[in-house]
Amino acid sequence: MSLQEINFDGIVGPSHNYAGLSLGNIASASHKGDPSYPRAAALQGIGKMRGNMARGLAQGFLLPLPRPNVQTLRRLAVDPVQDRALLAAAWSASSMWTANAATVSPAPDTADGKCHLTPANLVTMVHRAQEWRDTKAQLDIAFGNRDHFTVHDAVPPSFGDEGAANHMRFCEGHGTPGVEVFVYGRPGGKFPARQHEQASRTVGRLHGLDPARTVFIEQNPAAIEAGAFHNDVVSVANGKVLFTHEEAFADGPTAYEAIRAAFPTLEVVEVPSSAVSLAEAIKTYLFNAQLLTLPDGTMALVAPDECRESASVWAWCAAMVASNGPIRQVIPVDVRQSMANGGGPACLRLRVVADPATVDPRFMLSESKAELLERIIGEHWPEQIDPADIGQESLAATVRTARGKLLESLDLQILG
Ligand code: SUG
């Protein structure tokens, strides 16, 4: 058994659009009503996956969910003329952000030695709350090998759970027990705190985590107010390293101490507010990056292109790389279509530590499969969607056909 990190990126769905649905997500609010470019969005995502594969890393993917969601439209009795936001919710391609698909505890961390996955209930936002059952259907297939994986039901409401976006794992190596850190928000602020402490604790119990290797930390309410609706907007972890903004946690030094008590070799790379303001970190998504261990053992940060456009962020990156710390490279990627809805490189991937041989191969990417996906996206994904197109029967037909072609090409019609 060779356990390694596999990134499962969400393929951007053919109904990708900007409906301003996520209160507290600044990018989503500020791009509300813009035309969207689903084909370009999906191709950007494939480009990111191809880049990581070329670096020698294992890559998987999850598929877009059925949209428009007729059950949502029916259950909410949506009037397509009066209820434009609810209509858009039923059309949302938000499952592309697979960091919110589930929380994953690798086998070495759990009591029964299996990798546990709990789909996120995403109850805070109506367009996201409709995701988990369809997401689970995919997880049940991709991780259907019951000798190695357990897929749970989502945590019941009312405790909001947003999955891996508020979860970090520190480890010396993937094959040894790690320390899992859950970051929750305290309700009562201007924007919703989407991760509830009790949801995090429930996931820890469901997964059979050892309390001595599990840490619960409060997110900084000021970070949520500034637009860090998930913790992965202001910090990211990999191996022994925590790369974080100074203002990510309610009490930074206490948080680092709590992690260090469980994981003594922790290395914190903290970006001070004096170098990069919280607002600039959130605007550029410096921390919503993939912190990857490359095959040569060094770490690289796959960060949004937008980081290059910020003098303070880019200067920090240059200084960090020059300092010979644990992060040796910053690699910019273009995921602008997703970024405009508040989803950076880290949002687009779910990390699963597993032996790739135990995963259903239909969910694993290869060069030839990437070409196949690009061909289908090129032929069937709409080039542009304007807000007035949402709800049109002709667009609904295009979106359904596009997804159908994708499922067919991957031999996954069962998800239809
Ligand atoms: O849930 N945006 C997503 C972005 C999720 C980012 N994920 C992580 N940080 N892991 C959200 O807020 C916007 C949809 C719209 O407005 O049309 C949206 O759902």
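The values are calculated or read from the model by the stated rules, or taken from the named source; none is laboratory data. None of the values given here were measured: they were computed from a predicted structure. Positions of Cβ are generated from backbone atoms using ideal geometry, with glycine treated the same way; all protein chains shown enter the neighbour counts.
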| query | For LEU122, all conditions in the list (1) in contact with a strand residue (DSSP E or B) (Cβ under 9 Å, 6 or more places away or on another chain); (2) crowded, with 24+ Cβ neighbours inside 10 Å; (3) not in a helix (DSSP H, G or I) hold save one; what is the number of the exception? | reply | (1)
| Hey, among GLU306, GLU257, which residue is modelled with pLDDT of 95 or more and within 25 Å of LEU21 (Cβ to Cβ)? | GLU306
| field | Odd one out for SER235 among (1) touching a Lys or Arg at 6+ places or on another chain (Cβ under 8 Å); (2) buried (at least 23 other Cβ atoms within 10 Å of the Cβ); (3) among the polar types (S, T, N, Q) | value | (1)
| Within the stretch 1-29, can you find the residues that are in contact (Cβ under 8 Å) with a residue 12 or more places away in the chain and of a type in the set (Gly, Ala, Ser)? | SER2, GLY10, GLY13, SER15, ALA19, GLY20, SER22, GLY24, ALA27, SER28
| Do you know which residues across the stretch 334-370 are among the hydrophobic types (A, V, I, L, M, F, W, C), farther than 19 Å from ALA93 by Cβ, outside any loop (DSSP other than H, G, I, E, B) and touching a residue at least 60 places away in the same chain (Cβ under 8 Å)? | VAL352, VAL353, ALA354, MET364, ALA370
| task | Could you check, for the stretch 32-39, whether at least one of its residues is within 24 Å of GLY160 (Cα to Cα), within 16 Å of the ligand (Cβ to nearest atom) and not in a helix (DSSP H, G or I)? | result | no
| task | Would you point out which residue out of GLY45, GLY24, GLY20 is modelled with pLDDT of 95 or more, in contact with a Lys or Arg (Cβ under 6 Å, 6 or more places away or on another chain) and within 14 Å of the ligand (Cβ to nearest atom)? | result | GLY20
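Quick grid of which residues meet (1) within 16 Å of the ligand (Cβ to nearest atom); (2) in contact with a strand residue (DSSP E or B) (Cβ under 6 Å, 6 or more places away or on another chain); (3) of a type outside the set (A, V, I, L, M, F, W, C):
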position	(1), (2), (3)
TRP314	no, no, no
ASP334	no, no, yes
GLY342	yes, no, yes
VAL352	yes, yes, no
PRO356	no, yes, yes
PHE363	no, yes, no
GLU367	no, no, yes
ILE376	no, no, no
LEU395	yes, no, no
| task | Determine which member of the set ALA85, ALA99, ALA77, ALA54 is surrounded by fewer than 23 Cβ atoms within 10 Å (Cβ to Cβ), at pLDDT 95 or above and closer than 26 Å to ALA226 by Cβ. | result | ALA85
| task | Determine, yes or no, whether ALA89 is part of a helix (DSSP H, G or I) and touching a Cys at 6+ places or on another chain (Cβ under 8 Å). | result | no
| query | What about LEU365, is it crowded, with 24+ Cβ neighbours inside 10 Å, touching a Phe, Trp or Tyr at 6+ places or on another chain (Cβ under 8 Å) and within 28 Å of HIS148 (Cα to Cα)? | reply | no
| request: Have a look at GLU267, GLU247 and point out the one that is of a type in the set (D, E, K, R) and within 26 Å of VAL353 (Cα to Cα). | output: GLU267
| request: Would you mind listing the strands (runs of 3 or more DSSP E) fully within the stretch 128-237 where at least 1 residues are within 16 Å of the chain's Cα centre (by Cα) and either polar (S, T, N, Q) or within 13 Å of the ligand (Cβ to nearest atom) (or both)? | output: 167-170, 179-184
